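**Student:** Submitted below is the structure of interest, expressed as structure tokens.
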Amino acid sequence: MNLMAATPGIDDGTLALRLAALELENSQLRGDLAASLALTASLREANEHLVLAAVDAQTSRDDAEETNRRQNEFLAMLAHELRNPLVPINVSASLLERSPVNTATLERLTGVIQRQVGHMARLLDDLLDAARLSSGKITLAIEPLRLAELIEHAAETVMPRVRERGQELTIASASDALVVEGDRVRLTQVFTNLLNNASKYTQDGGRIAVAAQVRAEGGVTITIDDNGSGMSIETIERAFDLFTQGPRTLARSEGGLGVGLNVVRNLVTMHGGSVGAASPGLGQGSTFTVSLPLSSAAAPSGVAGSAAPVAGVTRRILIVEDNNDASDVLRMLLEVEGHQVEIAGDGNTGLALALEGRFDAVVCDIGLPGLDGLELMARLRAAGADTGARPLTIALSGYGQPQDRERALAAGFDRYLVKPVAPAVLIELLAVAVVGR
């Protein structure tokens, strides 16, 4: 049918215009539709990319978490394996020190061994703490603490090194009224690390000074000054970064892993404080400054003294340890103290002996063949061995993380000691805690 003929009143020109307009509109609609389809395809493609990116990001997070978990497990195992041989070394040195034929030379060699064992233990602790801090796995046990007591304990720890190098350490007595809120172990660790660092980079015969001052705006500032090797501006800027150390010779006479100051910064920050470093330049000494908030609590009362060890009392002690060297020297040490000692080299044998109930104390490793120390203790308690006069049970382990301690105490151990424990600590613990059980 002829459209123009069937549409009265509309001339050919008008109709042609309308047809052209309709064609243009249809063309625009087709263009819009094509654009919409292209946009839809683009959005679909973009969404696919976003989904893939999200999957990749989650995979990366999972991989990072798995890597972090494996790293922490490796570091824990590394510390355990390195701590184990330190036990026989440390205890052997203690036995040499007690030798009736102890000479001046033997005494010097014994001191060297003991100091180096302590140095190794601190390096392991710093390495593990750096890993735990980076993953947020350290918590603080906060309580009011006397600042003077914290500094005093840190100084006692570093004094063997200071004396060995003929250095002079002076402490301007902090008032007993200065009380901070903090974790006793961690704040002592902060000051110990800073004092060790000062001794490390100060020459033999050098000077180290500690002082505390209340700030006008509140809080307290503790300074550790030395007249040692000093620092350049570049070293100061990176002093608290992980695995960073000052310039050193090929001999690496200062030692260290470059993690101690990083641990200090993280621990001080967790206490709501800050730490900084300054130096006039190379060869002109250094100053480290720790700022901590003061506590509004009253100064805590002094810690009650431990009961005096009972001299000349023979105790029956079971040692469960699969390292033959460690068990042998521990036996020798305790027998020198007058105790009767038996040894079990695996968990099953240790449990069988412990169940006989003939012992006043059980010193037990955690990583044992056959039956680990945690399971041994759980079975010992479940068997009813904790009724009546049960033995004192001491876990002696190379695993030093807080969760390791918690698991051991939850299993039934009375005490938890991390290798290499100082022989005097073990002897006193056995002598005091066994009495009256």
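**Student:** Scan the stretch 312-324 residue by residue and report those that are touching a helix residue (DSSP H, G or I) at 6+ places or on another chain (Cβ under 8 Å) and either at pLDDT 90 or above or assigned to a strand (DSSP E or B) (or both).
**Tutor:** Within the stretch 312-324, Ile317, Leu318, Ile319, Val320, Glu321 meet the criteria.
**Student:** Might you check whether a residue that is free of Cβ contacts under 8 Å to residues at least 24 places away in the same chain and among the acidic types (Asp, Glu) occurs anywhere in the stretch 121-131?
**Tutor:** No: the stretch 121-131 contains no residue that is free of Cβ contacts under 8 Å to residues at least 24 places away in the same chain and among the acidic types (Asp, Glu).
**Student:** Which members of the stretch 194-215 meet the condition of being exposed (fewer than 15 other Cβ atoms within 10 Å of the Cβ), under 17 Å from Ala172 (Cα atoms) and not polar (S, T, N, Q)?
**Tutor:** Once the filter is applied, which keeps residues that are exposed (fewer than 15 other Cβ atoms within 10 Å of the Cβ), under 17 Å from Ala172 (Cα atoms) and not polar (S, T, N, Q), the stretch 194-215 yields Val214, Arg215.
**Student:** Can Val112 be described as β-branched (Val, Ile, Thr), modelled with pLDDT of 80 or more and assigned to a helix (DSSP H, G or I)?
**Tutor:** Criteria not met by Val112.
**Student:** Within the stretch 154-180, work out how many residues are within 17 Å of Leu292 (Cβ to Cβ), out of contact with any Pro (no Cβ under 6 Å at 6 or more places or on another chain) and crowded, with 16+ Cβ neighbours inside 10 Å.
**Tutor:** Count: 5.
**Student:** Still on this structure, I have one more. Would you check if there is a residue in the stretch 95-103 being under 24 Å from Pro420 (Cβ atoms), surrounded by fewer than 13 Cβ atoms within 10 Å (Cβ to Cβ) and of a type outside the set (Asp, Glu)?
**Tutor:** Scanning the stretch 95-103 turns up at least one residue that is under 24 Å from Pro420 (Cβ atoms), surrounded by fewer than 13 Cβ atoms within 10 Å (Cβ to Cβ) and of a type outside the set (Asp, Glu).
**Student:** On to the next question. crowded, with 20+ Cβ neighbours inside 10 Å, farther than 24 Å from Arg331 by Cβ and over 19 Å from the mean Cα position of the chain (by Cα), is that true of Ala411?
**Tutor:** Criteria met by Ala411.
**Student:** Considering only residues of the stretch 387-408 that are touching a residue at least 60 places away in the same chain (Cβ under 8 Å) and touching a strand residue (DSSP E or B) at 6+ places or on another chain (Cβ under 6 Å), which is surrounded by the fewest Cβ atoms within 10 Å (Cβ to Cβ)?
**Tutor:** Gly400
**Student:** Also, I was wondering about something else. Which is hydrophobic (A, V, I, L, M, F, W, C), in contact with a helix residue (DSSP H, G or I) (Cβ under 6 Å, 6 or more places away or on another chain), at pLDDT 80 or above and assigned to a helix (DSSP H, G or I), of Leu43, Leu96?
**Tutor:** Leu96
**Student:** Identify all residues within the stretch 259-280 that are of a type outside the set (Ser, Thr, Tyr), in a loop (DSSP other than H, G, I, E, B) and surrounded by 17 or more Cβ atoms within 10 Å (Cβ to Cβ); write none if there are none.
**Tutor:** Val259, His271, Gly273
**Student:** Only one of Glu149, Glu143, Glu181 is free of Cβ contacts under 8 Å to residues at least 24 places away in the same chain and within 26 Å of Arg405 (Cβ to Cβ). Can you tell me which?
**Tutor:** Glu149 is the lone residue from the list that is free of Cβ contacts under 8 Å to residues at least 24 places away in the same chain and within 26 Å of Arg405 (Cβ to Cβ).
The values are calculated or read from the model by the stated rules, or taken from the named source; none is laboratory data. The structure presented is a predicted model; accordingly, all values stated were derived computationally and were not measured. Cβ: placed from backbone, ideal geometry, glycine included. Neighbour counts: every protein chain shown.
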